[in-house]
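The values are calculated or read from the model by the stated rules, or taken from the named source; none is laboratory data. From a predicted model like this one, the values you see are computed outputs, not experimental measurements. Every residue, glycine as well, gets a Cβ built from its backbone with ideal geometry; the counts of neighbours run over all protein chains shown. In case anyone asks, the SASA skips ligands and DNA or RNA and just uses the protein heavy atoms, side chains included. Shrake-Rupley method; radii C 1.70, N 1.55, O 1.52, S 1.80 Å.
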Amino acid sequence: MVGLGSNLGDRLANLQRAVDLLAAREGLRVLRTSRVYETAPVGPPQPDYLNSVAELETSLSARELLDACLGVEREMGRERAERWGPRVIDLDLLTYGREEIDEPGLTVPHPRMHDRAFVLVPLLELDPDPLLPDGRTVGTLRLVTNTLADVQPFSPALVVMPGLPLP
């Protein structure tokens with residue numbers, strides 16, 4: 001599962017373009033996405049985000065999938081000037097099947113996803129029992145109601161073009 005976020009420019013078009021670019025990558029197929037949600041930003045003052053989660057099928061390793069996500073970010077003009085700053089697109093590798101990976105530059109499941117309603121709400125649409133950091137389950141999380149209120153439905157799921165067989 002890959003988390004998608006955008007808070008600059010045409011946010012919805014940015015999310016759709018990221019899905020299309022991922023789908024065009026060799027060894028990747030986008031199966032479906034969650035609905036799109038509007039969320040308050042984390043970090044410095046900035047515009048609200050649109051967020052979604054995409055379910056992928058891939059023949060790529062987790063590292064190769066991360067590299068593909070970073071390539072889409074670069075292609076779309078992502079600049080990493082400010083931590084948690086505004087961005088045209090942000091792609092985060094949330095889970096890689098049921099694998100747990102802890103390598104330099106790659107931690108799966110994403111180490112902060114259980115703290116972020118803007119990730120959990122769309123993720124739970126696609127996987128009711130996702131692998132969380134440290135073996136946690138959704139049932140053990142203490143979700144704060146006002147945090148969940150900051151995640152508002154914005155649009156239906158993004159368009160996923162029928163994929164070709166993976167090479």
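Quick one: what pairs do we get from the range 62-80, first residue on the phi > 0 side of the Ramachandran plot, second among the hydrophobic types (A, V, I, L, M, F, W, C), C-beta under 7 Å, 6+ apart or different chains?
Pairs that qualify, where the first residue is on the phi > 0 side of the Ramachandran plot and the partner is among the hydrophobic types (A, V, I, L, M, F, W, C), are Gly77/Val88.
Sort out which residues of the range 48-103 are open to solvent by 40 Å² or more (accessible area, probe 1.4 Å), closer than 17 Å to Met1 by Cα and among the charged types (D, E, K, R), and write them in order of number.
Glu55, Glu57, Arg63, Glu64, Asp67, Asp92, Arg98, Glu99, Glu100, Asp102
Quick test of your reading of the structure: Glu38 fulfils all but one of (1) assigned to a loop (DSSP other than H, G, I, E, B); (2) more than 24 Å from Pro162 (Cα to Cα); (3) at pLDDT 95 or above. Name the failing condition by number.
Unmet condition: (1).
Of all residues in the range 1-28 being under 9 Å from Leu50 (Cα atoms) and surrounded by 20 or more Cβ atoms within 10 Å (Cβ to Cβ), which is nearest to the chain's Cα centre (by Cα)? Explain how you work it out, then say what you get.
Here is the first cut: in the range 1-28, the ones under 9 Å from Leu50 (Cα atoms) are 4-7, 11-12, 15.
When the remaining residues are screened for being surrounded by 20 or more Cβ atoms within 10 Å (Cβ to Cβ), the result is 4-7, 11, 15.
On the way: Leu4: 4, Gly5: 7, Ser6: 10, Asn7: 14, Arg11: 14, Leu15: 10 Å.
Among those that are under 9 Å from Leu50 (Cα atoms) and surrounded by 20 or more Cβ atoms within 10 Å (Cβ to Cβ), it is Leu4.
What are the pairs, 6+ residues apart or on separate chains, where a residue within the range 122-140 that is closer than 23 Å to Glu38 by Cα has its Cβ under 9 Å from a residue that is aromatic (Phe, Trp, Tyr) and surrounded by 15 or more Cβ atoms within 10 Å (Cβ to Cβ)?
Pro122/Tyr37
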